[in-house]
1. Looking at the range 1-24, I want the residues that are farther than 18 Å from residue 52 by Cβ and have a partner that is small (Gly, Ala, Ser) with Cβ atoms under 7 Å, at least 6 apart or on another chain. Which pairs are those?
2. I'd like to know if the range 77-93 contains one or more residues that are in contact (Cβ under 8 Å) with a residue 24 or more places away in the chain and acidic (Asp, Glu).
3. Quick check on the range 96-129: of everything there that is part of a helix (DSSP H, G or I) and within 11 Å of the chain's Cα centre (by Cα), which residue is surrounded by the most Cβ atoms within 10 Å (Cβ to Cβ)?
4. Looking at this structure, is residue 20 hydrophobic (A, V, I, L, M, F, W, C), buried (at least 22 other Cβ atoms within 10 Å of the Cβ) and in the same structural domain as residue 103 (by TED's automatic domain parsing)?
5. Among the residues of the range 52-95 satisfying the criterion of being buried (at least 22 other Cβ atoms within 10 Å of the Cβ) and among the small types (Gly, Ala, Ser), which is farthest from residue 123 (Cα to Cα)?
Amino acid sequence: MQKPIRIFVVNSDRLFCDALRTLIASWPGYSHVGEAATVEASIAALDVIEADIVLLEIDLPGEPGFSLLQYLTENQRTERAVVLTRELHPEYIQEALRLGASGYLSHGAGSEQIRNALCAISEGRAAIDPLVCKALAEDQIHDCITDRECQVLTLIAEGACNAEIAQRFGITEKTVKTHVSSLLGKLGMSSRVHLAVYAQDTSLLKPPRAG
């Protein structure tokens, strides 16, 4: 008989831990083997509890979850770590993955998504929440789009034409067209409509400033 996948939870939210414990108990082939609210308590518990996957929050009392990830990696522990958090800042995601996390899930993930992620990780694969991928993609886009292009994009999303954008910023229509062409190229889009829809669906919009 195959051994169950043993899950250890690290989270300071008692209600959230209770919900996870109930959820894991309802899944055939999975076992909730323990939980802790801090990094220090987690390290102490994992010295005596055998776990396959550590499901952890980044925002913890005292040391952040990053410290536990670093401990697991530096001590070559066999447990694989999965971040389950409300923190979707690109810097957090990148740091967690750099420190050896095998997965990164948001609190908005459904029970089936969490179970599928744990299954993938138990098989040696990675699991990244689509919301996490979106946050990383938007961050990369922010890095390649200039402030002026973001301002132009904001006005495009509001339905402004090139002449109105030019007047708003005190630039020529030719310059506006250059910004629009640059945005289309960087975002891989073919029309202003696509730009407007995309901008409204992401965090790219910036309040336009004249000058």
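The values are calculated or read from the model by the stated rules, or taken from the named source; none is laboratory data. The structure presented is a predicted model; accordingly, all values stated were derived computationally and were not measured. In this analysis, Cβ positions are derived from the backbone assuming ideal geometry, glycine residues included, and neighbour counts consider all displayed protein chains.
1. Filtered contacts from the range 1-24: 12/37.
2. Yes, some residue in the range 77-93 is in contact (Cβ under 8 Å) with a residue 24 or more places away in the chain and acidic (Asp, Glu).
3. Here is the first cut: in the range 96-129, the residues part of a helix (DSSP H, G or I) are 96-98, 111-122.
Those still in the list that are within 11 Å of the chain's Cα centre (by Cα) too: 96-97.
On the way: 96: 25, 97: 18.
It comes out as 96.
4. Values: hydrophobic (A, V, I, L, M, F, W, C): yes; buried (at least 22 other Cβ atoms within 10 Å of the Cβ): no; in the same structural domain as residue 103 (by TED's automatic domain parsing): yes.
So residue 20 does not fit the description; no.
5. Within the range 52-95, the match that is farthest from residue 123 (Cα to Cα) is 65.
Here is a yes/no grid of residues against (1) assigned by TED's automatic domain parsing to the domain that holds residue 123; (2) modelled with pLDDT of 95 or more; (3) touching a Pro at 6+ places or on another chain (Cβ under 9 Å); (4) over 19 Å from residue 79 (Cα atoms):
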{"position": "10", "(1), (2), (3), (4)": "yes, yes, no, no"}
{"position": "25", "(1), (2), (3), (4)": "yes, no, no, yes"}
{"position": "28", "(1), (2), (3), (4)": "yes, no, yes, yes"}
{"position": "32", "(1), (2), (3), (4)": "yes, yes, no, no"}
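Let's see how each residue does on (1) among the hydroxyl-bearing types (Ser, Thr, Tyr); (2) assigned to a helix (DSSP H, G or I); (3) in contact with a Leu (Cβ under 9 Å, 6 or more places away or on another chain); (4) in contact (Cβ under 8 Å) with a residue 24 or more places away in the chain:
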site	(1), (2), (3), (4)
35	no, no, yes, yes
42	yes, yes, yes, yes
54	no, no, yes, yes
60	no, no, yes, yes
63	no, no, no, yes
